[in-house]
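**Student:** Supplied in structure tokens, the structure appears directly below.
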Amino acid sequence: MKGGPVLPVLLGVAKKPRKTAWEANMLRTKGFDRSALIIAIISATTPFLLPYPGAAVQHASQAAIHHATHSVSYPRRRIIPNNVVQRLQKEGNFRIFLQALRDAGMANALETGRGPYTIFAPTDRAFASLTKDTYTHLFQDKMRLRNVLKYHIVPRKMTSENLKFDSLRTISGEFLMTNVSSNKTVSVSGAVVVKQDMECRNGVIHSIDTVLFPLTGMETLAMNEGKVDKQ
């Protein structure tokens with residue numbers, strides 16, 4: 001049989017070909033897919049080992065595209081000046097609420113989101129009034145904490161002029177009930193609004209004296225625990 005390379009390759013006795021200068025340079029190139037080069041060399045000598053002609057070229061192209069697309073770094077969203085998080089920090093009595101937003105992974109969205117948002121923000125004193133068990137259970141479970149925090153945020157701007165006897169859908173999907181008494185006191189689901197209309201670029205904040213819990217699942221249990229401890 002005249003010297004074709006197929007039979008020696010199949011029998012495993014073919015001599016290992018020396019690398020050309022081009023191959024050596026490509027192997028030293030940072031980020032080059034060596035497996036693509038190996039397949040390309042085999043394809044050139046034994047094309048019937050691949051499923052179809054040009055498979056090695058396609059594999060090399062796919063590897064290059066994968067490397068390029070996975071090397072792209074996407075810019076972070078810009079923080080909006082005078083956003084709701086910055087205003088909460090400026091007020092100084094929402095430290096626990098801010099920490100809860102960070103723990104739940106929600107602070108960045110409120111810093112960069114255009115909104116507008118209406119936030120009913122419990123003061124530090126409101127968190128301090130929770131029982132020890134309720135406070136601990138709230139901060140131990142990030143999913144529960146996130147659901148409670150979402151219950152304090154309405155995805156539209158509601159100033160004090162807009163607050164009346166109404167129901168407001170929060171970003172958690174639950175509803176808050178707002179009311180205005182005869183002496184103009186605004187309340188939201190039983191919590192009293194102690195400071196109104198802290199306006200920001202992407203929303204407005206109303207300070208409340210109580211932490212609000214959606215009446216579902218473990219939040220209901222947490223509220224019941226608090227009531228038992230107060231009795």
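**Student:** Estimate the FRET efficiency between Arg169 and Asp141 by the formula 1/(1 + (r/R0)^6), using the beta-carbon distance for r and 25 Å for R0, to the nearest 0.05.
**Tutor:** 0.55
**Student:** Which order do Met177, Met158, Met106, Met143 fall in if you start with the one that has the fewest other Cβ atoms within 10 Å?
**Tutor:** Met143, Met177, Met106, Met158
**Student:** On to the next question. Within the stretch 93-125, list the trypsin sites (Lys or Arg not before Pro) lying in a DSSP loop whose Cβ has at most 11 other Cβ atoms in a 10 Å radius.
**Tutor:** Those satisfying the criteria are Arg114.
**Student:** What pairs in Lys90/Lys195; Lys157/Lys184; Lys90/Lys157; Lys90/Lys164; Lys132/Lys184; Lys142/Lys164 have C-alpha atoms more than 25 Å from each other?
**Tutor:** The pairs that break the limit, which is 25 Å between Cα atoms, are Lys90/Lys164; Lys132/Lys184; Lys142/Lys164.
**Student:** Next question, about the same structure. Exposure proxy check: Thr118, Thr185 ranked by fewest other beta carbons within 10 Å?
**Tutor:** Ranking Thr118, Thr185 by Cβ neighbours within 10 Å, fewest first, gives Thr185, Thr118.
**Student:** Right, something else. Of His152, His137, His206, how do they rank once you tally other Cβ atoms within 10 Å and put the fewest first?
**Tutor:** By the 10 Å Cβ count, ascending, the order reads His137, His206, His152.
Taken together, the values in this text are just the output of simple stated rules run on the coordinates, not laboratory data. No experiment lies behind these values; they were computed from the predicted model shown. Methodologically, a virtual Cβ is constructed for each residue, glycine included, from the backbone with ideal geometry; neighbour enumeration extends over all protein chains shown.
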